Amino acid sequence: MGAFPLTHKDKDIIRLIGQYLKNTGFEQTADKLVDESGLYLEHPVATQLRSHILAGNWTKAEASLAELHKLLSSDESMMKEMKFSVLKQKYLEMVEDGKLIEAIHCLRYELTPLKFNTGQVHKLSTYVMYDSLDELKEMANWAGKGYASRQSLMEHLQTFLPIHIVLPPKRLDKLLDQAVSHQIHQCKYHNRSLSPHLYDDFSLLTDHICAKDSFPSRCTHILTQHGDQVWFCRFSPDGSLLATGSKDGMIYVWSIDPHTYEFSIKYSLEGHTYGVAHLAWSPDSKHIVACGPDECGDVWIWDIETGELKVRMSHSTDDSLTSVSFHKDARRFVTGGTRGQFYHCDLEGNVLDSWEGIRVHCVGCLNDNKTVLAADSHFRLRSYNFEDLSDQHLLQESHSIVSFTISEDGRLVLLNIDSEGRLGKNALISAITCHVTDIPILYMYHWYPYWDLKNNCMVRKLHGLKQGYYAIHSSFGGVNQDFVASGSEDNKVYIWHIEKESPICALEGHTQTVNCVHWNPANPSMIASVSDDSTIRIWGPAMPAIDSPSTSRSPYTSRLPQGGDSFANLSGRCTPV
């Protein structure tokens, strides 16, 4: 026994350490800890049960279970499940050993009388017909006779037993994993993929804090080819290209060098008479569909493998098609506008189906290849199924939903809402989670609180955006889509962690309203923003990650030096918020 009385916390820690030492093979050290502390890691009956199971002594294991039943006065259903698990292991080992008569006897006279999980018993009876050991393991989802499956069985049994009898399996590992996960969750700049082996990336000896310099917070390029306001931008799904659309009627498709991250124009797509207000990439990165502003009824379908116009779709002179989104199959898309047109089309420009009289501001396809979300002129967000031509109400707002974007996994929707007849001044940004027909929704909204619409309660309020007149297109992004990026009428790009109330940084550099921001889906450290100042800015980590050559620079590309404060407002700085 130690020099001081042990507190409850001390005893818990000693048991946790002892269990960990045993699990890692330090049996003698664990036994010494037990002797010196005067504690036991688990009840002697639990120790016996473990010993019998690992030795494959099933008769004695059943006897130990009976002893535990006396100790615990446990309910019968729990004891039945524990006994069933032991007998199942016994049965499978008999089948593997070819002892089929004994296995059938176990099945008929031991497992069946338990009257527990009869469906599983029927399934077990089919395993005697296996052709090979590999087939048996696959059918039973079982590791085979030996230490691995027996240890797995013991860990399963531990989950039924109270902590004064035996600790939950690998308890210290679980606690440490929870601590690391919590630190990652609390790290507002964490934006990198993790190794499958978590502790290859983290040390338990220090707190986890990602440096702000490793976050995309510095302007690395300014692209200046457009001759007028730039309204929209989207990276291709594979992250290798960037498309930008402008009031000047041009779409530029930019190639991104995978080694130096330099940008160069791949295609100049012209002929969009009214300008390009919205565009969408096909999920295979092979096509772009582009729309104009309110007065435009045409849709352009571009083949990005050839740079040629595939078709200019003009269904009616009365159309106003201002939003577009692709289905996951990359062969069909939806487009709509504010004059009552809502079309389901193929890549040849054929209208497959339509909803007449639905005046929509924005459309977006979910990942099921059939469901489309649409924000309409009645301030609603509705879902439309083009397979059975059904629709469903999701939510009602008091002002117009101007735009929205859907997260890559289809679970979250980010809404931008018009307030007070126009977009509200000094609007705050919010994320609202809810479950409506199994779609949790993340809103951006003029005061942007986090709401749980199913339970009608506010969860979180995010703030910081300035929005008073223009529609702003925002984006999810980063590793696991943990961030939201948005433009603003104060000429900044704001970034939030979706669990934080305030922006984690504001990116300065644009000189007029930032209309659209998009996060590279393949590179969580790259963001693009476009502005009424006619420029495109690319944002990356402040740490020097690229030693790119200063020669062979395209005339429309400026790459900013490291330590950009020397460029004042043109440098692209991250302002603390």
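The values are calculated or read from the model by the stated rules, or taken from the named source; none is laboratory data. Values in this document were obtained by computation on a predicted structure and should not be read as measured data. All Cβ positions, even for glycine, are placed from backbone atoms using ideal geometry, and neighbour counts span all protein chains on display. What goes into the accessible areas is simple: the full protein's heavy atoms, side chains included, and nothing from ligands, DNA or RNA. Shrake-Rupley method; radii C 1.70, N 1.55, O 1.52, S 1.80 Å.
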Of the candidates Lys60, Lys90, the one satisfying the condition of being at pLDDT 95 or above and either open to solvent by 40 Å² or more (accessible area, probe 1.4 Å) or within 40 Å of the chain's Cα centre (by Cα) (or both) is Lys60
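Which is in the same structural domain as His378 (by the TED database) and on the phi > 0 side of the Ramachandran plot, of Ser285, Ser323, Ser316?
Step by step, each of Ser285, Ser323, Ser316 is checked, and only Ser285 is in the same structural domain as His378 (by the TED database) and on the phi > 0 side of the Ramachandran plot.
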Taking the stretch 173-192 and keeping residues open to solvent by 40 Å² or more (accessible area, probe 1.4 Å) and either of a type in the set (A, V, I, L, M) or touching a residue at least 12 places away in the same chain (Cβ under 8 Å) (or both) leaves Asp173, Leu175, Leu176, Asp177, Ala179, Gln183, His185, Lys188, Arg192
Among strands (runs of 3 or more DSSP E) completely within the stretch 244-355, the ones holding 1 or more residues that are basic (Lys, Arg) and open to solvent by 40 Å² or more (accessible area, probe 1.4 Å) are 263-269, 308-313, 332-336
Restricted to the stretch 370-388 and to residues being open to solvent by 50 Å² or more (accessible area, probe 1.4 Å) and of a type outside the set (Asp, Glu), the residue nearest to the chain's Cα centre (by Cα) is Lys370
Test for Ser502: is it at pLDDT below 90 and either under 21 Å from the mean Cα position of the chain (by Cα) or not assigned by the TED database to the domain that holds His221 (or both)
yes
> Just to be sure, is Met154 surrounded by 19 or more Cβ atoms within 10 Å (Cβ to Cβ), under 24 Å from Leu54 (Cα atoms), touching a Cys at 6+ places or on another chain (Cβ under 7 Å) and not assigned by the TED database to the domain that holds Tyr494?
Replying inline: no
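Quick one: would you say Leu111 is in the same structural domain as Ser51 (by the TED database) and open to solvent by less than 20 Å² (accessible area, probe 1.4 Å)?
yes
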All-but-one check, Glu42 against (1) open to solvent by less than 60 Å² (accessible area, probe 1.4 Å); (2) out of contact with any Ser or Thr (no Cβ under 7 Å at 6 or more places or on another chain); (3) assigned to a helix (DSSP H, G or I), failing number (3)
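Yes/no matrix, rows are residues, columns are (1) polar (S, T, N, Q); (2) touching a His at 6+ places or on another chain (Cβ under 8 Å); (3) closer than 30 Å to Val479 by Cβ:
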residue: Ala330; (1), (2), (3): no, yes, yes
residue: Cys365; (1), (2), (3): no, yes, yes
residue: Ala374; (1), (2), (3): no, no, yes
residue: His393; (1), (2), (3): no, no, no
